[in-house]
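The values are calculated or read from the model by the stated rules, or taken from the named source; none is laboratory data. This structure is a prediction, so every number in the text was calculated from the model and none was measured. Methodologically, a virtual Cβ is constructed for each residue, glycine included, from the backbone with ideal geometry; neighbour enumeration extends over all protein chains shown. For accessibility, only protein heavy atoms count, side chains too; no ligands or nucleic acids. Shrake-Rupley method; radii C 1.70, N 1.55, O 1.52, S 1.80 Å.
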Amino acid sequence: MEYEAIIGLEIHVELQTRSKIFCGCSTAFGAEPNTNCCPGCLGLPGTLPVLNRRAVEYAVLAALALNCQVQEKSVFARKNYFYPDLPKAYQISQDEQPLAWGGYLEIDFPEGSRRVNLERVHLEEEAGKLIHAGDSIISAAYSLVDYNRAGVPLLEIVTAPELYSGREARLFLQELRTLLRYIGVSDVKMEEGSLRCDANISLRPVGTKELGTRAEVKNLNSFRAVEQALNYEAERQAMILARGGEIIQSTCHWDDSRKATVVMRLKEGTADYRYFPEPDLPPLILERSSIEALKERLPELPRQRRRRLQEQYDLTAEEAAVMTDSCEMADFFEKAAASYPDYRNLVNWVLGDLIYQLREAGKEVAQLSPALLIELLELFDAGEINRPVAKELLAEMIRSGASPRQMVRQRGLGKISGREELAPLVEQVIAENPDAVENYRKGKKKALAFLVGKVMALTRGRADPQELNRLFEEKI
Ligand SMILES: [Zn+2]
């Protein structure tokens with residue numbers, strides 16, 4: 001029998017507010033443990049939560065960008081469970097009346113575009129972070145807890161079970177990350193945990209509708225892990241079913257070093273969180289007009305922008321995808337394109353050397369002025385500098401923000417194409433390389449490139465190669 005995998009994702013996104021959701025403590029990542037804490041985030045008695053307005057705005061923006069129905073009234077609820085990372089022994093979350101219902105994200109899968117529906121989006125608070133330490137052989141194993149993260153605003157996004165492979169789950173998550181970064185509500189860094197994903201996966205015979213018994217895969221913290229873990233789990237379940245076995249509902253995690261899912265616990269009935277409305281917070285009431293005002297603030301979303309750029313500037317789908325990977329990159333390109341009509345050339349420079357050099361220098365595109373790149377391209381197009389010099393100037397421009405035109409003037413980097421300047425160098429190279437000269441005379445074309453290369457080295461790449469070719473041909 002043939003099976004298909006049915007996958008639903010539960011995604012947690014840390015919102016990038018400056019302070020936590022219910023107190024004024026900083027949300028800065030990487031601070032000394034337990035330094036961004038107050039009695040409120042430590043769960044001490046007598047403290048009261050105060051809702052962070054910005055966290056609500058960000059959550060509504062995200063819900064609107066995801067096409068959800070944002071509710072005018074939502075209710076915070078206590079989710080009770082006992083775990084050391086949760087000092088109050090309950091998490092303030094939302095249960096029966098979440099911030100938003102429904103919604104969808106349109107994904108361009110390789111097989112075609114498809115809408116992946118969402119079930120709900122709600123706001124809650126982060127728990128603290130446990131750090132497991134110690135060595136069970138030499139000394140007792142123990143855990144440390146850092147409450148800096150406790151109370152960071154968290155958005156939970158739950159998809160319908162409408163993804164059918166590890167790859168689809170990865171593509172969905174990548175599109176979601178791009179979207180959330182675009183609208184500026186989260187830095188969505190999986191490596192820092194500000195975007196995390198749990199997945200439910202079950203198998204069913206192809207052509208049937210009923211869902212099989214599912215496994216829950218926890219804490220997938222990279223795109224690769226999402227894809228590999230879900231493909232592995234689909235295969236594992238298929239093998240059990242093929243042998244006539246039965247899937248037992250379980251919770252597991254992905255062991256990246258063993259490339260396998262590991263069962264953490266088998267299901268012991270539904271967890272009972274004894275939800276009840278949070279007595280210390282009133283219901284969250286949003287005026288329709290303020291929801292509409294937030295909608296106005298949404299920028300052009302990445303998928304729309306990708307399609308528009310593709311048409312307007314004649315980009316391939318891949319080029320448009322890289323160009324719109326961040327709002328800043330797309331802005332940079334469009335600003336540059338406004339004053340430089342040769343889009344093709346611009347695209348090649350941006351997608352090739354520019355992105356490479358930015359990565360090398362550890363810089364963001366937002367730190368660079370599009371006008372400087374245009375200045376560089378104009379110098380190159382006018383023949384004032386050659387390609388190696390242009391690349392060198394690009395790197396320098398990214399590092400220091402210096403003007404390419406000024407650098408050319410100050411350092412005498414202009415192209416050398418004058419015969420009177422090049423001729424002595426050509427003669428010198430001919431004298432120093434009699435073998436290559438001989439080979440060229442015998443008809444070996446490659447020898448010419450070798451000789452030209454020698455002059456290029458002497459001029460540190462500034463000589464005009466076409467002029468050199470002519471000179472060598474004349475003199476040999
Ligand atoms: Zn606090």
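Run the numbers on region 419-475 and let me know its relative contact order in percent, using alpha-carbon pairs under 8 Å that are six or more apart. With pairs under 8 Å counted, the relative contact order is 40 percent.
Taking a 1.4 Å probe, which of R419, R306 shows the most accessible area, and what order do the others take after it?
Greatest to least solvent exposure: R419, R306.
Per-residue accessible area (protein heavy atoms, 1.4 Å probe) orders H132, H253, H12 as H132, H253, H12, starting from the largest. Accessible surface for the chain, divided over its residues, is 51 Å² per residue with a 1.4 Å probe.
Would you mind classifying region 173-256 by shape? Square roots of the alpha carbon gyration tensor eigenvalues, ordered a ≥ b ≥ c; an a/c under 1.5 is rounded, otherwise it is prolate if a/b is larger than b/c and oblate if not. Prolate.
Checking the table K209/K267; K129/K259; K73/K295; K20/K189; K335/K415 against a 21 Å threshold on Cα-Cα, which pairs fail?
In this structure, K209/K267; K129/K259; K335/K415 lie more than 21 Å apart at Cα.
Here region 419-475 has 50 percent of its accessible surface on carbon and sulfur atoms, given a 1.4 Å probe and all protein chains in place.
Considering only protein heavy atoms and a 1.4 Å probe, what is the carbon-and-sulfur percentage of the accessible area of region 3-290?
The nonpolar share, carbon plus sulfur, comes to 51 percent.
Applying 0.36 nm per residue to the separation of T47 and Q249 and subtracting their alpha-carbon distance, the gain on full extension is 68.8 nm. For the chain, the 222 nm mean residue ellipticity estimated from helices alone, with every DSSP H stretch of n ≥ 4 adding -39500 (n - 2.57) and the total spread over all residues, rounds to -12000 deg cm²/dmol.
Annotation: L48 carries an accessible surface of approximately 120 Å², with a 1.4 Å probe and no ligand, DNA or RNA atoms counted. The share of accessible area on region 354-415 that comes from carbon and sulfur is 45 percent, using a 1.4 angstrom probe. K20 exposes around 0 Å² of accessible area when a 1.4 Å probe is run over every protein chain in place. In this structure, N117 and R399 have a Cβ-Cβ separation that, at R0 = 51 Å, corresponds to a calculated FRET efficiency of about 0.65.
Would you mind classifying region 429-476 by shape? Square roots of the alpha carbon gyration tensor eigenvalues, ordered a ≥ b ≥ c; an a/c under 1.5 is rounded, otherwise it is prolate if a/b is larger than b/c and oblate if not. Cα axes put region 429-476 in the prolate bin. Measuring only protein heavy atoms, the 1.4 Å probe finds W101 accessible over about 100 Å².
Residue ranking by accessible heavy-atom surface, 1.4 Å probe, largest first, among I248, I355, I385 comes out as I248, I355, I385. Karplus-based coupling profile of region 59-70, in residue order and whole Hz: 4, 5, 4, 5, 4, 5, 5, 8, 6, 7, 8, 6, with θ = phi - 60° in 6.51 cos²θ - 1.76 cosθ + 1.60 and x standing for Gly or Pro. Annotation: amide H-H contacts under 5 Å for S194 (H modelled 1.01 Å from N, sequence separation of 5 or more, or interchain): K189. Applied to region 8-23, the Karplus parametrisation 6.51 cos²θ - 1.76 cosθ + 1.60 on θ = phi - 60° returns per-residue 3J(HN,Hα) values of x, 10, 10, 10, 10, 10, 7, 7, 8, 7, 6, 10, 6, 6, 10, 8 Hz, with x for Gly and Pro. The long axis of helix 419-432 is offset from the longest Cα principal axis of the chain by roughly 90 degrees.
How many percent of all Cα-Cα pairs in region 195-327 sit more than 19 Å apart?
The share of Cα pairs beyond 19 Å in region 195-327 comes to 70 percent.
Length, then width, then depth: along the principal axes, the Cα atoms of the chain run 91, 56, 56 Å.
Amide hydrogen proximity for L284: with H placed 1.01 Å from N in the peptide plane, the residues at 5 or more positions away or on another chain lying under 5 Å are S74, V75, F76.
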